[in-house]
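Below is one structure, written out as structure tokens, with a few remarks after it.
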Amino acid sequence: MIYLFLQEGFEEAEAITPVDVLRRAGLETATVGESGRIVTGAHGVKVEADLTEADVSLEKADMVVLPGGPGTPNHEKSRKVREALEYCVKHDRYVAAICAAPSVLGHMGLLKGREAVCFPGYESELGAAGVPRRAVCVSGKIITARGPGVSLEFALKLVETLCGPEKAREIGKSMQWNGTSAS
């Protein structure tokens, strides 16, 4: 199970695109409303989450995904988000974060000794060993990305990580992805 946590003020492209692409790949993916079933994004888009935090079963988690946006600090306020991140790291599961959300991982010390990328201006929040000049970065079981403009590339990297490069190419081709980075 892939849990994508939705915080009030989430960046819509960074949440909806990964959910869409992961489901196209046949991966069981659930959105989790941190503040309840209805969550409002940064641009006023209201989303009905599949689950609330109380419905999350960490033992079933293969990956946790955090979209960024101006509501990113709300991830850190969620005890369930912090527990899910710690669980995934402890149990060798995947963690993915985009835009400002990698800062949450940095504040928790989860990026020490790793490379990571984020929305420009958040680099000092990462506590990472390196910040490469890439749109999407995979460092062990942690996947980070720069922002909304690379949401599709980020989502395809999640599919590639879980299903292999052929599946990611298949999904990308079906969506007319040209394979160039926005970095």
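Every number in this text was worked out from the coordinates using simple rules, so none of it is lab data. Remember, predicted model here, so these are calculated numbers, not experimental data. Positions of Cβ are backbone-derived with ideal geometry, glycine not excepted, and every protein chain shown enters the neighbour counts.
Worth a mention:
- Potential lengthening of the chain between E170 and E83 amounts to 27.9 nm, from the contour at 0.36 nm per residue minus the alpha-carbon distance.
- In nm, spacing of pseudo-spin labels at L162 and D20 (7 Å Cα→C-beta vector): 1.7
- Taking amide H atoms as placed 1.01 Å from N in the peptide plane, the amide H of F10 lies under 5 Å from those of A42, G71, each 5 or more residues away in sequence or on another chain.
- Packing-based exposure ordering (other Cβ within 10 Å, fewest first) of C137, C99: C137, C99
- Extension gain (nm, one decimal) between V45 and N178, 0.36 nm per residue minus Cα-Cα: 45.1 nm
- Taking the Cα centre of segment 2-174 as origin and assigning +1 to Lys and Arg Cβ atoms and -1 to Asp and Glu Cβ atoms, the resulting dipole is close to 380 debye.
- Simple label model, 7 Å out from Cα along Cβ direction - E123 to E59, nm: 4.4
- Kyte-Doolittle mean at least -1.0 and Cα axial length at least 24 Å: DSSP H helices in the chain: none
- Seen from T52, the other residues with C-beta closer than 10 Å to its C-beta sum to a net charge of -2, counting Lys and Arg as +1 and Asp and Glu as -1.
- Net charge of Cβ neighbours under 10 Å - reference A84; Lys, Arg +1; Asp, Glu -1: +1
- The stretch between M1 and T52 holds 16.9 nm of extra length on full extension. This uses 0.36 nm per residue minus the Cα-Cα distance.
- The chain: most fluctuating residue of E76, E123, E59 per GNM, C-alpha cutoff 10 Å: E59
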